[in-house]
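Asker: The structure is given below, and queries will be raised subsequently.
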Amino acid sequence: MRDRIIVALDVPDAAAALAMADRIGPACTFYKVGLELYTAEGPAVVASLRDLGKNVFLDLKLHDIPNQVARATARAGELGVRFLTVHASGGGAMLMAAAAACPPSLDLLAVTVLTSLDAAGLSAVYGRPVADVGAEADRLAALARDAGIDGVVCAASEAGRVRAVMGPHALIVTPGIRLAGDPHHDQRRVRTAGQAFRAGSTHIVVGRPVTASGDPRGAFERIAAEAETRS
């Protein structure tokens with residue numbers, strides 16, 4: 001179960017990232033490198049985490065013309081990362097190009113609807129009323145499935161219905177995880193770790209509840225304990 005809990009290293013530089021990994025200790029085996037950290041440090045921070053024996057989720061949310069996304073996917077595979085994100089809203093041709101360029105060692109995840117968006121926010125993006133965010137996640141998940149993408153990123157509140165779309169073997173990675181009573185920060189559709197796994201998630205992503213804690217190791221252990229209530 002602990003190998004399915006990914007800690008988001010949303011920190012400004014490699015020194016802070018490696019210090020956080022040290023503070024959490026060996027219990028966490030999987031870290032997410034996102035836009036801020038990768039922009040600051042590039043592939044070197046991925047190599048540093050890999051040298052520590054950690055799995056890396058490279059969360060770049062690629063969204064560009066098919067050729068550029070395919071080339072970036074191939075280069076990410078050379079870094080030895082486990083997961084890479086692309087935006088499902090990039091369209092079928094982009095998703096298929098990424099899937100074709102993806103090496104066997106890398107799993108591609110298509111981002112459906114960001115967990116910072118609710119129905120009102122998504123309506124503003126689309127320029128039309130959106131009453132059911134889950135239906136939009138379903139539609140984008142089906143686009144990813146048909147393109148041969150390995151899995152999706154979606155809110156835990158949509159994990160069950162997305163599982164039905166993607167089938168039994170797809171990866172479903174859910175951010176927006178909080179302990180009961182934690183502040184939501186800029187997230188809108190949040191769940192606890194146990195709720196996410198019960199809904200059908202294969203992996204969860206936890207950021208500030210661990211990294212902003214005065215005791216990151218203890219916070220990770222509390223998330224892990226809560227995750228074990230999934231059954």
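Asker: Pop out the Kirkwood hydrodynamic radius of region 1-46 from its pairwise C-alpha distances, inverse of mean 1/r, in Å to one decimal.
Answerer: Radius from the Kirkwood sum: 10.7 Å.
Asker: Counting each DSSP H run of 4 or more residues in the chain as -39500 (n - 2.57), what helix-only mean residue ellipticity at 222 nm follows after dividing by all residues, to the nearest 500 deg cm²/dmol?
Answerer: -13000 deg cm²/dmol
Asker: Suppose the Debye formula is applied to equal point scatterers at every Cα of region 1-108; what is log10 I(q)/I(0) at q = 0.15, 0.20, 0.21 Å⁻¹?
Answerer: -0.61, -0.99, -1.06
Asker: Classify the chain as rounded, prolate or oblate from the Cα gyration tensor: take a ≥ b ≥ c as the square roots of its eigenvalues, call it rounded if a/c is under 1.5, otherwise prolate when a/b beats b/c and oblate if not.
Answerer: Oblate shape, in that a/c is at least 1.5 and b/c is the bigger or equal ratio.
Asker: Residue farthest toward the positive end of the dipole of region 2-230, with Cβ of Lys/Arg at +1 and Asp/Glu at -1: which of VAL125, ALA224, TYR38?
Answerer: Ranked along the dipole, the leading option is ALA224.
Asker: Can you work out the base-10 log of I(q)/I(0) for region 48-184 at q = 0.09, 0.16 1/Å, using the Debye formula on its C-alpha atoms alone?
Answerer: Debye intensities relative to I(0), on a log10 scale: -0.27, -0.83.
Asker: Let me ask another. Place a +1 charge on the Cβ of each Lys and Arg in the chain and a -1 charge on the Cβ of each Asp and Glu, then give the dipole magnitude about the Cα centre in debye, rounded to the nearest 20.
Answerer: Once rounded to the nearest 20, the dipole reads 400 debye.
Asker: Same structure again: Grab the beta carbon distance between ASP13 and ASN67, set R0 = 30 Å, and tell me the FRET efficiency rounded to 0.05.
Answerer: 0.45
Each value in this text was obtained by applying a stated rule to the coordinates, not by laboratory testing. Note that the structure is a prediction, hence the values are computed from the model and not measured. Glycine also receives a Cβ, built like all others from the backbone with ideal geometry; neighbour counts cover every protein chain displayed.
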